[in-house]
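Enquirer: One structure follows; several queries about it will come next.
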Amino acid sequence: MTAEYDIAYLGTRSCAVGVASFRFVRPKGYSFIPGQFFTLTLETHEGVTSKQFSHADAPGDDAIELTTRLSDSAFKQTLVHLEPGSIVHISGPKGRLGVPEGASAVGFLTGGVGITPARSIIRDAIQRKSGLDIALFYGNRDEDCIPYGEEFRSYAAAQRMAYIETLDHPLPQWAGEAGFITADLVRRHVADPAARYWIVSGPPPMVDAMKVVVGNLGVPADSVAYELFAGYGPNG
Ligand SMILES: Cc1cc2nc3c(=O)[nH]c(=O)nc-3n(C[C@H](O)[C@H](O)[C@H](O)COP(=O)(O)OP(=O)(O)OC[C@H]3O[C@@H](n4cnc5c(N)ncnc54)[C@H](O)[C@@H]3O)c2cc1C
């Protein structure tokens, strides 16, 4: 059920280039389903402004966490200048994104900050030892900033999930995949992709590109869910 809370800001962890994670005290009585989002309201120099963020944290975590691309917007500038202990307002949880009951295999197609709902769902499945068969396809520009990359690599090393990282601009020594996520890339890593439930999340350009991939894979329309990070605009 959606409710309103005033909560304290805890701190930030930065990715190399213009991406950061922000943590807040999780209020008593606040519960959510992995994949859901909340609305964060800040008082900026342009007035009171609200934006939506998918939970990057899992229900089993102590803190609420969002991960975002920084920008010059009054909202983001207010966010980066919060002092630990500052009080912000959230309302939530909202949204229906998630793994449907009964689905035993899920794939994620995402990139950059679009990772947030996938991270929440995957972290929760692993914390709960749910046995969900997970394949994460995750595109980023380069090695400098792969939000939660280390965590996913550790899950993959422990054989808890299949993790396919691909970079647009890898260094010559990069041993992983290069280029965008394509249907061909998915087929090389996942047997029978059409039999899996797929979750696509991120800014509009990413989601549009992944709609083509899902179509090329022959995934039925009721076996795919999209979370569009509206507000990033057509150029992401
Ligand atoms: C369900 C949901 C979940 C989300 N989860 C996340 C998340 O986990 N992480 C995250 O970073 N963001 C998430 N977003 C997006 C987030 O709410 C912000 O919109 C985004 O972070 C951009 O904020 P900004 O202040 O940097 O935007 P701005 O700097 O104000 O705008 C970014 C760019 O988009 C353009 N733009 C802004 N609004 C529009 C519009 N309506 N139409 C066309 N172009 C526009 C601007 O011109 C600019 O180029 C989510 C959005 C939704 C709806």
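Conditions tested, residue by residue: (1) hydroxyl-bearing (Ser, Thr, Tyr); (2) surrounded by fewer than 20 Cβ atoms within 10 Å (Cβ to Cβ); (3) farther than 22 Å from residue 233 by Cα; (4) assigned by TED's automatic domain parsing to the domain that holds residue 45.
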site: 111; (1), (2), (3), (4): no, no, no, no
site: 114; (1), (2), (3), (4): no, no, no, no
site: 127; (1), (2), (3), (4): no, yes, yes, no
site: 130; (1), (2), (3), (4): yes, yes, yes, no
site: 139; (1), (2), (3), (4): no, no, no, no
site: 145; (1), (2), (3), (4): no, yes, no, no
site: 152; (1), (2), (3), (4): no, no, yes, no
site: 162; (1), (2), (3), (4): no, yes, yes, no
site: 166; (1), (2), (3), (4): yes, yes, yes, no
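Enquirer: Is it true that residue 52 is under 21 Å from residue 19 (Cβ atoms), in a strand (DSSP E or B) and touching a residue at least 24 places away in the same chain (Cβ under 8 Å)? Please lay out each step first, then the result.
Expert: Working: under 21 Å from residue 19 (Cβ atoms): yes; in a strand (DSSP E or B): yes; touching a residue at least 24 places away in the same chain (Cβ under 8 Å): yes.
So residue 52 passes the test.
Enquirer: How many residues, within the stretch 27-64, are under 19 Å from residue 203 (Cβ atoms), out of contact with any Pro (no Cβ under 9 Å at 6 or more places or on another chain) and either surrounded by 15 or more Cβ atoms within 10 Å (Cβ to Cβ) or not small (Gly, Ala, Ser) (or both)?
Expert: Qualifying residue count, the stretch 27-64: 6.
Enquirer: I'd like the residue in the stretch 182-210 that is assigned to a loop (DSSP other than H, G, I, E, B) and more than 16 Å from the chain's Cα centre (by Cα) and, out of all such residues, is surrounded by the most Cβ atoms within 10 Å (Cβ to Cβ).
Expert: First, the residues of the stretch 182-210 that are assigned to a loop (DSSP other than H, G, I, E, B): 182, 190-192, 196, 203.
This time we only want the ones that are more than 16 Å from the chain's Cα centre (by Cα), so: 182, 190-192, 196.
Numbers: 182: 17, 190: 19, 191: 9, 192: 9, 196: 21.
Per the criteria, the residue is 196.
Enquirer: State whether the residues of the stretch 214-226 include one that is surrounded by 20 or more Cβ atoms within 10 Å (Cβ to Cβ) and outside any helix (DSSP H, G or I).
Expert: Start the filter on the stretch 214-226 by keeping residues that are surrounded by 20 or more Cβ atoms within 10 Å (Cβ to Cβ), which leaves 214, 217, 219.
With the extra rule that they be outside any helix (DSSP H, G or I), the set shrinks to 219.
Looking through the stretch 214-226, at least one residue is surrounded by 20 or more Cβ atoms within 10 Å (Cβ to Cβ) and outside any helix (DSSP H, G or I).
Enquirer: Between a residue in the stretch 21-37 that is farther than 18 Å from residue 118 by Cβ and assigned to a loop (DSSP other than H, G, I, E, B) and any residue that is within 16 Å of the ligand (Cβ to nearest atom) and among the β-branched types (Val, Ile, Thr), which pairs come within a Cβ distance under 7 Å, given they are 6 or more apart or on different chains?
Expert: Correct list of pairs: 26/64.
Enquirer: Within the stretch 56-96, can you find the residues that are more than 8 Å from the ligand (Cβ to nearest atom), part of a loop (DSSP other than H, G, I, E, B) and of a type outside the set (Gly, Ala, Ser)?
Expert: If the condition is that a residue be more than 8 Å from the ligand (Cβ to nearest atom), part of a loop (DSSP other than H, G, I, E, B) and of a type outside the set (Gly, Ala, Ser), then 57, 59, 61, 62, 81, 82, 83, 84, 96 are the ones that fit.
The values are calculated or read from the model by the stated rules, or taken from the named source; none is laboratory data. Being a predicted model, the structure only gives us computed values, none of them experimental. Glycine gets a Cβ as well: all are built from the backbone with ideal geometry, and neighbour counts include every protein chain shown.
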